[in-house]
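Undergrad: Handing you this structure, nothing more for now.
Please treat every number below as a calculation from the coordinates, not as lab data. Nothing here was measured: the structure is a model prediction, and the numbers come from that model. Here the Cβ is made from the backbone with ideal geometry for all residues, glycine too, and neighbour counts use every protein chain on show.
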Amino acid sequence: MRILPVLLLLSVVASLPAYSQNNVSGVAAEWNTRESIVAMATRLGEVKPILEQLKPEQWVAKGAPEAYVQQLESTREELRGVEWSLERLAAKPEKLSLVVDAYLRVQSFRGKVTSINEAVRRYQNPAIAELLDAYFTDSAASQIQLQTYLRDLSELKEAELEVMESEAQRCRVQQIQRRPGQR
């Protein structure tokens, strides 16, 4: 008899709308999301050669603050972190914690590159800065897609929790209302 509430809860959760089946008002299909994540990671790989062209030691020789050397290394590390995070997310796109991690890492990476880009423009080569600007312009859609996916998945998880809480409360009430001899 104790397994009955658990089975009821599972049946309610299973009867939720199939958001993972590409419901227009819900979360995108898992295969589609995975495809987008892999494409984003591939696109991110295009930034590596640009970052490798950067020579912050030369910037310092031209009067730039020494902090740019550490900042560029931090940016490169952040890129590795973003790639790692997107790889994990592609393996399990339904995990909210992985989506949050990937989104925050992407945003942090964008901020660091934007800061570095000003030094590139001033102390190295404006054409390289333009390449970085073009990358961010081209990749904006995939970053917005990740943000939308994060929001949609969060809303889905909240709805699932509300249903589970409601069903658990209903089961508690049923247990309390039973007569002592019926257990």
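Undergrad: Using packing as a proxy for protection, rank 98-109, 143-154, 41-52 so that the peptide with the highest average count of other Cβ atoms within 10 Å comes first. Don't skip to the answer; put the middle values down first.
TA: Values: 98-109: 19.1, 143-154: 16.2, 41-52: 14.0.
Top to bottom by mean Cβ count within 10 Å: 98-109, 143-154, 41-52.
Undergrad: While we're looking at this one, here's another question. At 0.36 nm per residue, and after removing the present C-alpha to C-alpha distance, how many nm does the segment from Lys55 to Arg172 gain when stretched out fully?
TA: 35.6 nm
Undergrad: Okay, next question. Reachable lysines from Lys92, Cα under 17 Å, same-chain residues fewer than 8 places away excluded?
TA: Candidates past the 8-residue exclusion: Lys157.
Undergrad: Short version: ³J(HN,Hα) in whole Hz for each residue of the stretch 136-149, in order, from phi by Karplus 6.51 cos²θ - 1.76 cosθ + 1.60 (θ = phi - 60°), x for Gly and Pro, what are they?
TA: Those phi angles translate into 5, 5, 5, 8, 4, 4, 5, 6, 5, 4, 5, 4, 5, 4 Hz.
Undergrad: Now for a different question. Only Lys, Arg, Asp and Glu count, each charged at its Cβ (+1, +1, -1, -1), so figure out the dipole size of the stretch 29-158 about its Cα centre, rounded to 20 debye. Can you show the working numbers first?
TA: Numbers: 17 positive and 20 negative charges, 35 e Å.
Using only the charged Cβ atoms, the result is roughly 160 debye.
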